[in-house]
Amino acid sequence: MGLLGFCDLALLGLLLNAVVTFCNGGTTSAFVRPVEKTVDMPLHIDVFQAPPGYNAPQQVHITQGDHVGKGVIVSWVTMDEPGSSTVLYWSENSKLKNKAMGTTVTYKYYNYTSGYIHHCTIKNLKFNTKYYYEVGVGQSTRTFWFTTPPAVGPDVPYTFGLIGDLGQTYDSNKTLTHYELNPSKGKTVLFVGDLSYADHYPNHDNERWDTWGRFVERNTAYQPWIWTAGNHELDFAPEIGETEPFKPYTHRYYVPYKASGSTAPFWYSIKRASAYIIVLSSYSAYGKYTPQNQWLEAELPKVNRKETPWLIVLMHSPWYNSYNYHYMEGETMRVMYEPWFVQYKVDVVFAGHVHAYERSERVSNVAYNIVNGVCAPVRDLSAPVYITIGDGGNIEGLATDMTEPQPKYSAFREASFGHAIFDIKNRTHAYYSWHRNQDGYAVEADSLWFFNRYWHPVDDSTSVQ
Ligand SMILES: *[C@@H]1O[C@H](CO)[C@@H](O)[C@H](O)[C@H]1NC(C)=O
Ligand SMILES: *[C@@H]1O[C@H](CO)[C@@H](O)[C@H](O)[C@H]1NC(C)=O
Ligand SMILES: *[C@@H]1O[C@H](CO)[C@@H](O)[C@H](O)[C@H]1NC(C)=O
Ligand SMILES: [Fe+2]
């Protein structure tokens with residue numbers, strides 16, 4: 001027994017060692033942020049103030065309005081009366097004002113009645129052109145501007161910002177300010193869900209949807225934000241008679257879902273410059289035979305990497321998450337869709353939900369079936385990098401508790417608020433950086449060169465920190 005026992009123990013020791021070695025992952029950042037409570041900005045604060053003037057348009061925001069970037073949806077709210085839902089627009093080099101007609105919607109939520117929410121789609125714009133636009137026609141007008149993206153093509157450089165789970169705290173304001181002042185100059189925000197956190201208030205006080213719209217206007221009126229629905233967009237509250245999921249969100253934030261053949265605003269795609277962006281919904285059915293599943297199955301083969309080399313997926317609930325928050329909530333969607341992401345060589349998946357930052361190695365976990373017991377993530381150069389960027393700074397605070405040891409699939413993780421930049425250089429290279437709010441605007445707390453999975457499917461370089 002003695003000798004055998006010793007051998008067994010030695011073997012066990014070796015095995016344990018191997019397991020431990022395998023389990024130890026990448027970097028858990030040593031950066032320690034001061035622990036502060038995240039508190040919502042009070043109603044009277046500067047960023048919540050309505051613009052002056054009778055019935056003046058407020059909460060102005062834009063998003064892409066077609067499949068290729070020649071369209072823009074302009075949305076805003078008027079509080080006193082419906083007013084006009086017309087948008088006047090003209091290109092930088094032209095005085096000729098064009099007119100686009102929009103529509104107006106309202107909704108009630110418990111005892112809240114919304115203002116007049118206007119949505120106007122401008123179509124057939126020229127690529128790569130600065131346009132001015134005017135809303136509030138006939139009353140208190142306000143003028144903003146945006147720049148359309150370059151025509152879709154494989155080598156078009158383009159810079160995306162990444163923000164998630166923003167909310168409306170003092171920290172949210174810092175995140176937005178850091179994004180705005182980042183010298184990388186993001187041109188479009190890929191927003192991974194959880195906007196206002198109005199549902200934090202009694203009866204989901206929808207006035208907090210209005211304050212959020214006013215808070216982010218300084219950015220959303222000038223560059224498109226590509227919306228993803230998060231759990232805080234559900235506003236499902238049967239206890240107060242509110243049983244229509246996503247009611248405030250779908251009335252306020254329009255997306256061009258029909259342009260990609262989608263049948264609901266929660267999953268859709270757009271092309272923008274050299275990127276093909278697929279937005280998925282963690283909170284809509286995604287199993288076999290469901291509308292989202294059918295759409296995605298038909299959508300992925302349509303992506304032409306010779307035209308749009310960069311295939312980016314946005315969703316709210318992360319699949320690879322090593323924090324002790326929302327642990328494995330993304331697992332069932334991962335089981336359904338991960339084989340497709342590997343097959344179609346998705347470059348990167350951005351998610352939110354967990355209020356911290358994490359970046360994965362290129363891993364997949366698709367070998368398992370119900371009998372073979374093969375159930376650990378493995379390194380896979382056809383797999384996307386998974387990035388959790390739910391660190392916008394909302395009222396629920398930071399997710400600081402991590403699973404230990406850091407799993408091997410996790411390359412870098414840190415519990416700080418911040419935002420990221422995905423800077424596409426050409427068809428083979430994109431530079432990615434993550435920026436924590438405590439640093440100067442140009443500081444990169446994590447970064448990585450992305451090599452395109454279709455055109456340059458070799459290993460990514462190690463991250464530079
Ligand atoms: C809605 O109801 C809540 C409590 O039931 C109350 O505090 C609030 O003032 C009401 N708001 C409106 C607009 O009536
Ligand atoms: C929010 O940030 C903006 C821009 O940096 C600043 O002007 C404003 O005073 C800030 N407001 C609060 C309440 O922090
Ligand atoms: C693509 O961009 C990378 C990084 O800027 C550069 O090193 C590379 O030479 C570029 N490739 C081409 C074909 O221009
Ligand atoms: Fe969330």
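The values are calculated or read from the model by the stated rules, or taken from the named source; none is laboratory data. Just so you know, these numbers come straight off a predicted model, no measurement behind them. Cβ coordinates were reconstructed from backbone atoms using ideal geometry, including for glycine residues, and neighbour counts include every protein chain displayed. Ligands, DNA and RNA are stripped out before the accessible areas are found, and what is left, the full protein with its side chains, is counted by its heavy atoms. Shrake-Rupley method; radii C 1.70, N 1.55, O 1.52, S 1.80 Å.
Just to verify a number: what accessible area does Cys375 come out at with the full protein assembly present, 1.4 Å probe, Å² rounded to tens?
In the full protein context, Cys375 sits at about 90 Å².
Length gain on complete extension for the stretch His200 to Phe127, per 0.36 nm per residue less the alpha carbon to alpha carbon distance?
22.2 nm
By how many degrees, between 0 and 90 and to the nearest 10, does the Cα long axis of helix 331-343 differ from the longest principal axis of the chain?
Computed tilt is about 90 degrees.
In straight Cα distance, which lysines are under 16 Å from Lys247, not counting same-chain residues fewer than 8 positions off?
Cross-link targets: Lys108.
Check the straight Cα-Cα distances from Lys174 and name the lysines below 21 Å, setting aside those fewer than 8 residues away within the same chain.
List returned: Lys37, Lys185, Lys187.
Where the accessible area of the chain is counted over protein heavy atoms with a 1.4 Å probe, how much of it, in %, is carbon and sulfur?
With neighbouring chains kept in place, the figure for the chain is 58 percent.
Only four residue types carry charge here, +1 at the Cβ of Lys and Arg and -1 at the Cβ of Asp and Glu. Report the dipole size of segment 26-133 about the Cα centre in Debye, rounded to the nearest 20.
500 debye
Rounded to the nearest 500, what is the chain's calculated 222 nm mean residue ellipticity when only DSSP H runs of at least 4 contribute -39500 (n - 2.57) each, over all residues?
One gets -5000 deg cm²/dmol as the mean residue ellipticity at 222 nm.
Run the numbers on segment 361-436 and let me know its relative contact order in percent, using alpha-carbon pairs under 8 Å that are six or more apart.
Numbers: 87 pairs, mean separation 18.8, N = 76.
Value for segment 361-436: 25 percent.
Sequence gap at least 6, Cα distance under 8 Å: using those rules, report the relative contact order of segment 313-465 to the nearest whole percent.
21 percent
Say the dipole of the chain comes from +1 at the beta carbon of Lys and Arg and -1 at that of Asp and Glu; which of Pro318, Thr220, Tyr283 then lies farthest toward its positive end?
Looking along the dipole axis, the top candidate is Thr220.
Normalised by the empirical 2.2 N^0.38 Å for globular proteins, what value does the Cα Rg of the chain take?
Here the Cα radius of gyration is 1.01 times the empirical estimate.
Would you mind pulling out the separation of the Cα centroids of segment 141-188 and segment 86-111, in Å?
First find each Cα centre; the distance between them is then 21 Å.
Antiparallel as a % of all DSSP beta bridges within the chain, to the nearest 5?
Expressed as a percentage, antiparallel bridges in the chain total about 75.
In percent, what relative contact order does segment 236-341 have, based on Cα pairs under 8 Å that are 6 or more apart in sequence?
Once normalised by length, the contact order is 20 percent.
Using a 1.4 Å probe and counting only protein heavy atoms, arrange Glu180, Glu36 so the residue with the most accessible area comes first. Write out the running numbers ahead of the final one.
On the way: Glu180 60, Glu36 105 Å².
Largest accessible area first, the list is Glu36, Glu180.
Could you report segment 47-119's accessible area per residue, 1.4 Å probe, as an integer in Å²?
44 Å²
Could you size up the charge dipole of the chain around its Cα centre, putting +1 on the beta carbon of Lys and Arg and -1 on that of Asp and Glu, and report it in debye to the nearest 20?
1900 debye
Report the residues of segment 403-446 in range of a label on Asp459: point 7 Å along Cα→C-beta, backbone N strictly under 13 Å from it.
none
Could you sort Val68, Val32 by their accessible area in this structure, using a 1.4 Å probe and putting the largest first?
The residues order as Val32, Val68, largest area first.
Please report, in debye to the nearest 20, how large the charge dipole of segment 330-465 is about its Cα centre when each Lys and Arg carries +1 at its beta carbon and each Asp and Glu carries -1 there.
Charge dipole, segment 330-465, about its Cα centre: 500 debye, nearest 20.
Can you give the accessible area per residue of segment 260-300, in Å², using a 1.4 Å probe?
About 30 Å² of surface per residue is accessible.
In sequence order, what are the phi-derived ³J(HN,Hα) couplings for segment 38-54 according to the Karplus relation 6.51 cos²θ - 1.76 cosθ + 1.60 with θ = phi - 60°, rounded to whole Hz, with x for glycine and proline?
Coupling constants for segment 38-54: 8, 10, 5, 5, x, 4, 7, 5, 3, 5, 9, 6, 6, x, x, x, 4 Hz.
Counting heavy atoms of the protein chains only and a 1.4 Å probe, report the per residue accessible area for segment 363-465 as a whole number of Å².
So segment 363-465 comes to 39 Å² accessible per residue, rounded to a whole number.
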